[in-house]
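Trainee: I'd like to ask you about the structure that follows.
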Amino acid sequence: MVRRVAVVGAGVSGLAATKCCLEEGLKPTCFEQSRDIGGLWRYKDQAEEGRASIYRTVFTNSCKEMMCYPDFPFPDDHPNYMHNARLQEYICKYAEHFDLLQHIRFKTLVTKIKKRPDFSVTGQWEVVTQRDGKEETAVFDAVMICSGHHVYPNLPLTDFPGIQKFKGCYFHSREYKEPEKFRGKKVLVVGLGNSGCDIAVELSAVASQVYLSSRSGSWVMSRVWDNGYPWDMLIITRFRTWLGNILPRTLSDWLYVRGMNRFFKHENFGLMPLDRTSRKEPVFNDDLPSRIACGMVVIKPNVKEFRETSVLFQDGTVQHDVDVVVFATGYSYSYPFMEDDSIIKSGGNQVTLYKGILPPSLEKPTMAVIGLIQSLGPIIPTADLQCRWALKVFQGRWIDTCWANVYFQLMGSSISQQQYGSSSTLQMDYITYMDELASAIGVKPSVPKLLLTDPRLALSVLFGPCTPYQFRLRGPGKWSGARKAILTQWDRTLQ
């Protein structure tokens, strides 16, 4: 019987895991190698080893109604999109409200996680930690890995011939903090993801010229959508998901491309994805198109070769006198504390995890990886629901097939790219994925039932944004304030 649970990391996923354990009457111990909670969202002036790092001006790409913990809305007066410092304040309030800090062991590094000798019977793990130079080993009935995937930078220098002879400065975007030191420089940013575009736009205000190199293009969206409302409250709805699933693929693709081009034609700006119908995560940047139009950011194709002071691009053009190169080339997935690295198998753009959570090769399902999935949706409610689902599995309350056969029967549930194209992130459709987990543990809202009992709420659930509160309306973990939160979500957005 699962009782003691080890949680690795005290970021947004680790806090959700700790809180969900307490809801189930379990004893969580959360190990955090730094001195504070927040993970990715805790800004530091210098990048720290083994911890995610952000630049000073990072804002959220999901609005407050969509990205909150499902039973802890943001305060009414908070803006729809938040600076990292404001989000960190919210994370601290969440931990304080649910009294989570007493379950966290700070400045404690997890160095090894290994199966107990009797794992096939007990499913237990040995967790080795280090604090102040002292090593300690403890036994846990289950482990929840919440260490995130923005820790280990992917810097594929072998893909860029000549980089060794480049005389300028180059570094991974993880090291970038603020723009002032690049004043008057010519800067090349490699990578058309959210970080690359943010950094290129920010540097364009101080650099003499910024070049933004892309291998495959990307859709660029604004946070502000129709009538000034947040994009995700208008796009991430159950009705739109249902419509997208029943329409012929050709028509669905046409509507998708048309929607992405509604504010500007990507082809004219050199941003059009090579795979036009790819559903990979778009870039959210309100300023990039105008910076391109003003010539402050120049879009370039993939780099073919670096020279001492210049760069040759795939289209044959050469840019001279480049001073700085910022590689915004994403991150690698790594779990150095796992003694057996075959438990969590990863390679390229695929990770073998059942439902994107459980390593399928284990004799006993007592390990979960939380927050690894990326989707066109917010990570906080995703992590919360993943935790709730995983804990039911740990306790043996939901296993839909013989665990020994999961790997062979359900490999289709592993995270893969398929319709999302090639990307360094692991993509899933948000509502479809959330409903899979919610159905399994009995918390998916029933629209037909609500139409009979609460028509007003039913219409909000079906046609309105799929806000996190929907997954606390019923079943285990039900929150009494969920209905009111859904019916007043547009009021808070407008405020």
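Trainee: Just to check I understand the Karplus step: with θ = phi - 60° and J = 6.51 cos²θ - 1.76 cosθ + 1.60, what whole-Hz values come out for the stretch 474-484, glycine and proline as x?
Mentor: Once θ is set to phi - 60°, the couplings for the stretch 474-484 become 8, x, x, x, 4, 10, 5, x, 5, 4, 4 Hz.
Trainee: Roughly what angle does helix 84-97 make with the longest principal axis of the chain, taking Cα atoms, 0 to 90 degrees, to the nearest 10?
Mentor: 10
Trainee: Cut-off under 17 Å on the C-alpha distance; same-chain residues fewer than 8 positions from Lys114 excluded. Which aspartates and glutamates are left, in chain and number order?
Mentor: Glu126, Glu135, Glu136, Asp141, Glu339, Asp340, Asp341, Glu363
Trainee: Helix-only estimate, please: 222 nm mean residue ellipticity of the chain, summing -39500 (n - 2.57) across DSSP H runs of length 4 or more and dividing by its residues, to the nearest 500.
Mentor: Working: 16 runs with 136 residues, N = 495.
Rounded to the nearest 500, the figure is -7500 deg cm²/dmol.
Trainee: Also, quick follow-up: Can you compute 3J(HN,Hα) from phi for each residue in the stretch 54-61, using the Karplus curve 6.51 cos²θ - 1.76 cosθ + 1.60 with θ = phi - 60°, rounded to whole Hz and x for Gly and Pro?
Mentor: 10, 8, 4, 9, 5, 10, 6, 9
Trainee: If you take every DSSP beta bridge whose two residues both sit in the stretch 122-254, what share of them, in percent to the nearest 5, is antiparallel? Present the calculation step by step, with values, prior to reporting the outcome.
Mentor: Values: 8 of 13 bridges.
Looking only at bridges with both residues in the stretch 122-254, the antiparallel portion is about 60 percent.
Trainee: Right, next: I need the trypsin sites (Lys or Arg not before Pro) found in the stretch 1-39, filtered to DSSP loop residues with at most 10 other beta carbons within 10 Å of theirs. All intermediate terms of the calculation are to be shown ahead of the outcome.
Mentor: Details: sites: Arg3, Arg4, Lys19, Arg35; in loops: Arg3, Arg35.
For trypsin sites (Lys or Arg not before Pro) across the stretch 1-39 that sit outside H, G, I, E and B with at most 10 neighbouring Cβ atoms in 10 Å, the list reads Arg35.
Trainee: Counting GluC sites (Glu not before Pro) as exposed when in a DSSP loop with at most 15 other beta carbons within 10 Å, what is the longest stretch of the chain free of them? Please list the in-between numbers first.
Mentor: Working: sites that count: Glu48, Glu49, Glu308, Glu339, Glu363.
Counting at most 15 other Cβ atoms within 10 Å as exposed, the longest clean stretch of the chain is 50-307.
Trainee: Run the 1.4 Å probe and let me know the accessible area of Phe269, rounded to the nearest 10 Å².
Mentor: Solvent-accessible area, nearest 10 Å²: 50 Å².
Trainee: What shape does the stretch 5-69 take by its C-alpha gyration tensor, where a ≥ b ≥ c are the square roots of the eigenvalues and a/c under 1.5 counts as rounded, a/b above b/c as prolate, and the rest as oblate? Don't skip to the end; give the middle numbers.
Mentor: Working: a/c = 3.90, a/b = 1.36, b/c = 2.87.
Note, shape of the stretch 5-69 comes out oblate.
Trainee: Nearest 10 degrees, 0 to 90: what angle lies between the long axis of helix 194-203 and the longest principal axis of the chain (Cα atoms)?
Mentor: 40
Trainee: Which entries of Lys19/Lys478; Lys19/Lys177; Lys112/Lys364 show an alpha-carbon separation above 23 angstrom in the structure shown? Show your work: numbers first, answer last.
Mentor: Numbers: Lys19/Lys478 14 Å; Lys19/Lys177 32 Å; Lys112/Lys364 19 Å.
Too far apart for the 23 Å limit: Lys19/Lys177.
Trainee: Check the straight Cα-Cα distances from Lys484 and name the aspartates and glutamates below 14 Å, setting aside those fewer than 8 residues away within the same chain.
Mentor: Partners within reach: Glu65, Asp71, Asp76, Asp454.
Trainee: How many Å³ per residue does the convex hull of the Cα positions in the stretch 195-296 occupy? Could you put the intermediate results ahead of the total?
Mentor: Values: hull volume 10.9 nm³, N = 102.
That works out to 107 Å³ per residue.
Trainee: Related question: Give the residue list of trypsin sites (Lys or Arg not before Pro) in the stretch 72-134 that are DSSP loop and have at most 14 other beta-carbon atoms within 10 angstrom.
Mentor: Numbers: sites: Arg86, Lys93, Arg105, Lys107, Lys112, Lys114, Lys115, Arg131, Lys134; in loops: Lys107.
Passing sites in the stretch 72-134 are Lys107.
Trainee: What is the sum of charges around Ala47, taking Lys and Arg as +1, Asp and Glu as -1, for the other residues whose C-beta is under 11 Å from the C-beta of Ala47? Provide the component values of the computation, followed by the final result.
Mentor: Values: positive: Lys44, Arg51, Arg174, Lys177; negative: Asp45, Glu48, Glu49, Glu175.
Once all neighbours under 11 Å are counted, the net charge is 0.
Trainee: Compute the long axis of helix 379-394 from its Cα atoms, compare it with the longest principal axis of the Cα atoms of the chain, and write down the angle in degrees, 0 to 90, nearest 10.
Mentor: So the inclination is approximately 30 degrees.
Trainee: Between [x] 23.9; [y] 48.3; [z] 34.3, which entry matches mean projected area of the Cα convex hull in nm² as derived from the coordinates of this structure?
Mentor: [x]
Trainee: Rolling a 1.4 angstrom probe over the protein chains, ignoring ligands and nucleic acids, what is the accessible area of Met338 in square angstrom, nearest 10?
Mentor: Its accessible surface works out to 20 Å², give or take rounding.
Trainee: Here's another thing I want to ask about it. Could you pull out every residue, at least 5 positions away or on a different chain, whose amide H is within less than 5 Å of the one on Val189? Hs are placed 1.01 Å off N in the peptide plane, and Pro or chain starts have none.
Mentor: It is Tyr211, Leu212, Ser213, Val326, by chain and number.
Trainee: Jot down the per residue volume, in cubic angstrom and as a whole number, of the convex hull over the alpha-carbon atoms of the stretch 270-351. Before the final figure, lay out each step's value.
Mentor: Details: hull volume 14.9 nm³, N = 82.
It is 182 Å³ per residue.
The values are calculated or read from the model by the stated rules, or taken from the named source; none is laboratory data. Remember, predicted model here, so these are calculated numbers, not experimental data. Positions of Cβ are backbone-derived with ideal geometry, glycine not excepted, and every protein chain shown enters the neighbour counts. Side chains are part of the model used for accessible areas, which takes the heavy atoms of the whole protein and leaves out ligands, DNA and RNA. Shrake-Rupley method; radii C 1.70, N 1.55, O 1.52, S 1.80 Å.
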